[in-house]
Structures are given as structure tokens and as C-alpha cells.
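To start, the structure itself, in C-alpha cells.
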Ligand SMILES: CC(C)(COP(=O)(O)OP(=O)(O)OC[C@H]1O[C@@H](n2cnc3c(N)ncnc32)[C@H](O)[C@@H]1OP(=O)(O)O)[C@@H](O)C(=O)NCCC(=O)NCCS
């Protein structure tokens, strides 16, 4: 378990599959993701099984505290982990849409970055985001990502071409101090890098 202030990241379980089917077949969510055809239970089961054996791909469930329990609201992952160049690609989805816009995305990204830089020893984390996904762009900027470039008209969606924005963050740019309003886990020693 990896703890943030309001979120915790845990391993994906087979019991999560029904939620994934609901999230990844929701057009409002899919619009922002690379996948473009309806997802079947069999595909989702294969994907979850493949996670168990992969060393270059780590997807974790994002949970938030609700009353006495924890609610699974989305997933965050480090993909294509390149151990030689110490780099990876980040992906996130908050599938429970009622949780959007409350800072959980940025906190989950920062919690994953902290793990990537301070535990896995990575030096660079990058991602791609569609130009119309203003919520995600803002979320990543809050978490410390910088815009690095544009893949012009790289996406065809809703009958039009769209730019795809490349973003990245380096270990040296990752601040151990949170952005205002974005707390760190309790009990953390702030003198540590
Ligand atoms: C993208 C996503 C992970 C962000 O998570 P989140 O919890 O909603 O994000 P946060 O609340 O941390 O940050 C969102 C920010 O965008 C802002 N925002 C929301 N809609 C916006 C818009 N139309 N224009 C500009 N900013 C917007 C919010 O106000 C917030 O900024 P603030 O904290 O300064 O007010 C989540 O919305 C999601 O999963 N979306 C669907 C899948 C997706 O897009 N995944 C990413 C693919 S690259």
C-alpha cells in the first residue's frame, strides 16, 4: 500500500474487473483515452492477469477514505518502465466521475511520482494528453509536469484531428514540498529529499 494524504494506492484485484468494464465503456471517460473500441470482459480479464507478471508495467488502484472504509475511484499506472534509462510513462483514470475536480487526480499523480522517484529510482516520467482534455492538463501541471512538445494532429476523434501534448517531469524538478493546497502524507520527514 502506498499512502498519500487522502488517497492510497493498492494492487489491482480480479474483483475490480466489473468496475473497469463500467469505467472503460463510458463514452465520457473513453473520449480522453487511447482505446477506441468497446472493451469486453475477456479482454479486461486478460489485462488484469498480465499485470501480475509484468515488471515493466505497474498499475495501482486509487482509493479514497469514505467513512470507515475505502472506495476505489480509479487507477494510476507507470507503463513501459525503462530500467536502463530510468524512465516511465504515467497514465491515470478516475472512473468514478463524481470524484472529478476535487484534487484526487493530482494527489494520486504526486503519490505515484514520489514512489517512482524516491522508491523505484526513476529519473523521468512522461505522458501524453489530448489537447482538449483541459482538466487533465491542469491536473498534470499541478502535479509538476511541464509541457515538452506537441504531436500535431496525432489524434483523430469525434470526426476531427487533435494535437497530442507531450509532458514530462524529472526527478530534479520533483519538489518534496507540496503545491499549496496539496498536502503530503502525515508524518513524513520534510528534511528528506
Ligand atoms: C484527468 C483526471 C485524472 C483528473 O483528475 P481530477 O481529480 O479530476 O483532477 P484534479 O481535481 O486534481 O485537477 C483538475 C483541475 O482541472 C481544473 N479543470 C476542470 N475542468 C477544467 C476545464 N474545462 N478547463 C480548465 N481547467 C479545468 C479543475 O478546476 C482542477 O484545477 P484546480 O484544482 O486548480 O481548480 C480525471 O478527471 C479523469 O480521470 N478524467 C477522465 C480520464 C482522463 O482524462 N485521463 C487522463 C488521460 S491523459
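Mean-square fluctuations from a GNM of the chain, with a 10 angstrom spring cutoff on Cα atoms, peak among 79, 32, 162 at 162. Each helix, a run of at least 4 DSSP H residues, gives -39500 (n - 2.57); summed and divided by the residues of the chain, these come to -7500 deg cm²/dmol at 222 nm. Neighbour counts of C-beta atoms inside 10 Å place 100, 83 in the sequence 83, 100, starting with the fewest. From zero outward in steps of 10 Å, how is the percent of C-alpha pairs of region 34-100 spread across the bins? The percentages, shortest bin first, are 17, 41, 33, 9, 0. Short-range pairs are left out: with C-alpha atoms under 8 Å and at least six residues apart, the relative contact order of region 2-125 is 26 percent. Please work out the Cα center distance from region 94-135 to region 42-56, rounded to the nearest Å. With region 94-135 and region 42-56 each reduced to a Cα centre, they are spaced 21 Å.
Over the chain, the Kirkwood radius and the radius of gyration, each from Cα atoms, give a ratio Rg/Rh of 0.94. Springs join every pair of Cα atoms under 10 Å in this Gaussian network model of the chain, and among 106, 154, 87 the largest mean-square fluctuation is at 154.
Every number in this text was worked out from the coordinates using simple rules, so none of it is lab data. Owing to the predicted nature of the structure, the values given are computational and were not obtained by experimental measurement. For neighbour counting, all protein chains shown are included, and Cβ atoms are generated from backbone atoms with ideal geometry for every residue, glycine included.
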